[in-house]
Amino acid sequence: MVMEFAHYDYPDWAMKSMHLPQLKEADFRIPATKKTKVRVMRIFPGMVHTTEEIFEVEPVAGSLQADAARDLVKVANLYRHEARPEVTKTKGLGFATGLQFKPNTAFASTVSHDCHNLQVIGNDDKAMALAANELIRVGGGHCVVVDGKVEALMALPLAGLMTLESVEVAAQQLKAIEAGLKKPDAWLIQSK
C-alpha cells in the first residue's frame, strides 16, 4: 500500500456478527449407539472439488468420534448471524477426510463462501471448541489449534470477514495461520 487509510468507525452491527454463545465439547457431539456408516467428504488439498466416501464408525461413549489414525475429522457448520424466524437449522455436523491432522488439532474460520458461518474442522471436540470460542471472542476470523493450544489466530472483526489491522500486520497474521496449518507436528503425514 502506498497510502494510509483514514480511520473509520464502523457501526456496531458490522462489528458484532458472532451471535453464538460460548461452545462446549458437547456441541460437537454426534450421538450414536451402534456402528454406523457415515458419508465422508474427501478433501483434496489445493483443489476446490470434493468427493464422497463411506466410512464405518464405531461409537465411543455414545457418540461418533473423529479418528486421526484413519484421517477422519469432524466438520461443524454453525449459523453465526442474527436469529431469523425462517432459519431453523443452525448447526450441521459431519465428517471429512484428506487433511491428515494429528490428534488434538482443529481449524476454525468465519470465511466460508457463500454463507460465512462459523466452520470448524478437527479431530478433537475440545480443540474444536477452543478454536470456535477464540473466533467468537475476537469477532470472527481464522484460528489454528495444535496439541490443544492456539497456534495462530487472525481476528477479522468487521463482519467476521475483514481485519482492521494494517496490511503489514494482516500479512503477518495470515502467514502465521498458514504456518500453523503447515506446522510439521500438525500433520500425521507430510503433504507432498
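The values are calculated or read from the model by the stated rules, or taken from the named source; none is laboratory data. The structure displayed is predicted, hence computed values, not measured ones. Because the Cβ atoms are built from the backbone with ideal geometry, glycine has one as well, and the counts that use them run over all protein chains shown. Side chains are part of the model used for accessible areas, which takes the heavy atoms of the whole protein and leaves out ligands, DNA and RNA. Shrake-Rupley method; radii C 1.70, N 1.55, O 1.52, S 1.80 Å.
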Picked from segment 90-101 (must be part of a loop (DSSP other than H, G, I, E, B) and either under 16 Å from residue 140 (Cβ atoms) or open to solvent by less than 40 Å² (accessible area, probe 1.4 Å) (or both)), the residue modelled with the highest pLDDT is 98
Residue pairs within 9 Å by beta carbon, gap of at least six or interchain, first lying in segment 155-169 and closer than 20 Å to residue 19 by Cβ and open to solvent by 60 Å² or more (accessible area, probe 1.4 Å), second part of a helix (DSSP H, G or I) and not basic (Lys, Arg), listed first then second, are 164/15
Note on residue 31: of the conditions (1) modelled with pLDDT of 95 or more; (2) surrounded by 15 or more Cβ atoms within 10 Å (Cβ to Cβ); (3) in contact with a Ser or Thr (Cβ under 6 Å, 6 or more places away or on another chain), unmet is (2)
Quiz item: So is residue 28 within 25 Å of residue 131 (Cα to Cα), touching a helix residue (DSSP H, G or I) at 6+ places or on another chain (Cβ under 9 Å) and of a type in the set (Phe, Trp, Tyr) or not?
Solution: yes
